[in-house]
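The values are calculated or read from the model by the stated rules, or taken from the named source; none is laboratory data. None of the values given here were measured: they were computed from a predicted structure. All Cβ positions, even for glycine, are placed from backbone atoms using ideal geometry, and neighbour counts span all protein chains on display. Accessible surface is based on the protein model in full, side chains and every heavy atom, while ligands, DNA and RNA are left aside. Shrake-Rupley method; radii C 1.70, N 1.55, O 1.52, S 1.80 Å.
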Amino acid sequence: MALLSGSTPWSKLVAPPIFHRSHAPRTFLFFKRRRFSVSALSEQPPVRVRFAPSPTGNLHVGGARTALFNYLFARSKGGKFVLRIEDTDLERSTRESEEAMLKDLSWLGLDWDEGPGVGGDYGPYRQSERNSLYKQYAQNLHQSGHVYRCFCSNEELEKMKEDAKLKNLPPVYTGKWASARDEEVEEELAKGTPYTYRFRVPKGSLKINDLIRGEVSWNLDTLGDFVIMRSNGQPVYNFCVTVDDATMAISHVIRAEEHLPNTLRQALIYKALGFPMPFFAHVSLILAPDRSKLSKRHGATSVGQFREMGYLPEAMVNYLALLGWGDGTENEFYTLDQLVEKFTIERVNKSGAIFDSTKLRWMNGQHLRGRPLEELTKLIGEYWKTSGIVTVSAGPFIDETVQLLKDGIDLINDADKALTNLLSYPLHSTLQSDEAEPLLQDNLSEFADSLLAAYDSGDLVAALEDGHAGWQKWVKGFGKSLKRKGKSLFMPLRVLLTGKLHGPDIGASVVLLYKAGISDVVAPETGFVTLDERFKMLRQIKWETLSKDQPVKETAASV
């Protein structure tokens, strides 16, 4: 096991209790017959997992699912969920991106036990603040002979690649400085020649037992000695990750499959430093419907975008968990606590999962309507008032309108469209559509005359004053007087009173339209057409111009 020389603030992190063999049932690398392998001991170590995003953009849904699987694994095992920021890409990393990621993780409910804003015994939790640690471990490896200084220029390295390509060989480093004499090294140091630290790769092969993918093996002959520290003193990704995971006592590394090739270099560094290996689990990528990697060209892909679109955190968590995992039942709905109870890494699939935005939207609607009605009404009422559609956020009108429209609202942002659609009156456009032709042929103009008479007499208004019961009594008598019932009664009523061919319950809709018209609950700028104004428009319809002899009509869909 590698120990740091001298007394440093990192001394306590080099060999935390988890690393002691007496109670460290870990996975180790063994060298046998030129082949490295991973063997798990009988007992399990304390579970410590990490999610380590790079703050170079928004939190992608793929990253969010990785974080979720780490969180569920830690919570299901009574372990720790660590958040580490991998910000060694100094040009692209920003604090704004980091803050946005932390906000998204918190919104999803994935609270971390250690990391930014929380602290912990294994910090700092940003790689940019851990440079001294990387340098000391690099020097340890240099002293032990596992790494060496390489003074090759960029031009030399490019020539090596070109030569290898001409010979149909892997473009690996030839090992020019691997066996250099001390005098040669000292000469270059004296000249001030820039150098990197290269890891001396042994011969043979390496295999690991991935918790999701099973046995994975590599031939070390195709790797070549690789850089762990650049000439500017900055550590390379694979070296940082290995040192961080080892010194933070990470027991299980659960990450995307695109990191599987990195495991080869990291495993070699673990062995050289004398640290026990964690268990690895590589999760398949999230794919678009065309089975390509999910990207921006497929629409929204970041957690922040979905939040702004009105998705609920519990719906996002539920849906992401089902992308590549299931508990073996037909159940599709889980709370975060239920997921913790059910989750096992063994049930994570090897194959890629298709991201279906339609199903996510549907699932969000189920979660939205699954909230207590009082909570849902408050949420939608406040949204309507903030949007400026209504002047109040609570009261009988809000209660009844939410009850009427909720089944058509899958996203909270849909609530505006649902209400403005109810308040609108596109009568002329609807009557000019092909779908309205059967109604026109069924004496709609005569039906309209009878409806106008009922309104002028005050019968309809009196019925609406009595609410839904009054409407039901009136419509029954009105249908009887016209010898109509069912579709032949309610379809023309819907078109003439709401201006649409389809919609929620006609009776509840008309009662709400009447109430909105006699109160100031609807904001004036919404363009709401009251019942009185609707009947004025009905009187002005020129029915003879709506015959089928007129030019081609629009479709209701285009309207």
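Screening the range 404-443 for residues that are closer than 30 Å to residue 360 by Cβ and free of Cβ contacts under 8 Å to residues at least 60 places away in the same chain and picking the one that is surrounded by the fewest Cβ atoms within 10 Å (Cβ to Cβ) gives 417. Within the range 49-71, the set of residues being closer than 20 Å to residue 355 by Cα, aliphatic (A, V, I, L, M) and in a loop (DSSP other than H, G, I, E, B) comprises just one member, 59.
Filter the range 307-316 for residues that are assigned to a helix (DSSP H, G or I), in contact with a helix residue (DSSP H, G or I) (Cβ under 7 Å, 6 or more places away or on another chain) and either open to solvent by 10 Å² or more (accessible area, probe 1.4 Å) or without any contact (Cβ under 8 Å) to a residue 24 or more places away in the chain (or both) and give the result. Within the range 307-316, 307, 313, 314 qualify.
Each residue in the range 260-306 was checked for being modelled with pLDDT of 90 or more and outside any loop (DSSP other than H, G, I, E, B), and 25 pass. In the range 466-490, the residues that are within 14 Å of residue 510 (Cβ to Cβ) and open to solvent by less than 100 Å² (accessible area, probe 1.4 Å) form Cβ pairs under 6 Å with partners that are β-branched (Val, Ile, Thr) and part of a helix (DSSP H, G or I), at six or more places apart or across chains, as follows: 467/511; 468/511; 471/511; 490/506. The lone criterion from (1) in contact (Cβ under 8 Å) with a residue 24 or more places away in the chain; (2) surrounded by fewer than 23 Cβ atoms within 10 Å (Cβ to Cβ); (3) more than 19 Å from the chain's Cα centre (by Cα) left unmet by residue 127 is number (2). Evaluated against (1) at pLDDT 95 or above; (2) among the charged types (D, E, K, R); (3) part of a helix (DSSP H, G or I), residue 437 falls short on exactly one condition, (1).
Selection of the range 329-344 for residues being open to solvent by less than 60 Å² (accessible area, probe 1.4 Å) and closer than 23 Å to residue 365 by Cβ yields 332, 334, 336, 339.
Please verify whether the range 383-390 includes one or more residues that are outside any helix (DSSP H, G or I), β-branched (Val, Ile, Thr), touching a residue at least 24 places away in the same chain (Cβ under 8 Å) and touching a Phe, Trp or Tyr at 6+ places or on another chain (Cβ under 7 Å). Yes, the range 383-390 has at least one match.
You will find that of 449, 456, the residue that is open to solvent by 70 Å² or more (accessible area, probe 1.4 Å) and farther than 20 Å from residue 500 by Cα is 456 and no other.
When 531, 512, 546 are checked against the criterion of being touching a residue at least 24 places away in the same chain (Cβ under 8 Å) and either within 15 Å of residue 430 (Cα to Cα) or touching a Lys or Arg at 6+ places or on another chain (Cβ under 9 Å) (or both), a single residue qualifies: 546. Being part of a helix (DSSP H, G or I), open to solvent by 30 Å² or more (accessible area, probe 1.4 Å), at pLDDT below 90 and not basic (Lys, Arg), is that true of even one residue in the range 527-540? There is no residue in the range 527-540 that is part of a helix (DSSP H, G or I), open to solvent by 30 Å² or more (accessible area, probe 1.4 Å), at pLDDT below 90 and not basic (Lys, Arg).
Restricting to the range 345-369, what's the tally of residues that are without any contact (Cβ under 8 Å) to a residue 60 or more places away in the chain and open to solvent by 60 Å² or more (accessible area, probe 1.4 Å)?
Count: 8.
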